[in-house]
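Following: one structure in structure tokens, then a few remarks.
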Amino acid sequence: MTGHESIVAMRLNGFAPKNVWVHVLNAEPEYFPSTHPSLNAQNGLHASIDITPKDKGAIDFRCLTGLLIHLSGSNENRVLSVLKQIERVKPAGVIISLPDRVIFPAELINEREAA
């Protein structure tokens, strides 16, 4: 997981972004100095966290408590697995972007109830 460091630092200093983008990546990214997720908020971009294939098992998403999360990725199973972990920390909400659809929180609740 990369990018959470700046969100934790903000929260320790009494600040929090209203929105955080969580990207579930299929490969290890190559970062350049201005594109590293931990610098996004400092560079005037949105706060973001990258989850890579190396991030397995439980991930500490406590820094996302109470925030609106924009969760995206192309592998629906991995995205939904990350969603389950994020939901444990009680975010304000989660909007999920997949290649073929966008899922808003109410839609996800309806899908789960129908299953």
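Every number in this text was worked out from the coordinates using simple rules, so none of it is lab data. Just so it is clear, the model here is predicted, and its values are computed rather than measured. So basically every Cβ, Gly included, is an ideal-geometry build from the backbone, and we count neighbours across all protein chains shown.
Just a few scattered comments:
- Antiparallel bridges, percent of DSSP beta bridges restricted to the chain (to nearest 5): 20
- Label-point separation, residue 26 to residue 58 (7 Å along Cα→Cβ), nm: 3.1
- Magnitude of the charge dipole for the stretch 4-114, about its Cα centre and with charges confined to Cβ atoms of Lys, Arg (+1) and Asp, Glu (-1), is about 340 debye.
- Helical content alone sets the calculated 222 nm signal of the chain at -8000 deg cm²/dmol, taking -39,500 (n - 2.57) per DSSP H segment of four or more residues and averaging over every residue.
- Farthest positive-ward along the chain dipole, Cα basis, beta-carbon charges - from 80, 64, 94: 64
- On Cα atoms only, tilt of 105-114 relative to the major axis of the chain in degrees: 30
- Against the chain, whose longest principal axis is taken from its Cα atoms, helix 76-87 shows a tilt of about 70°.
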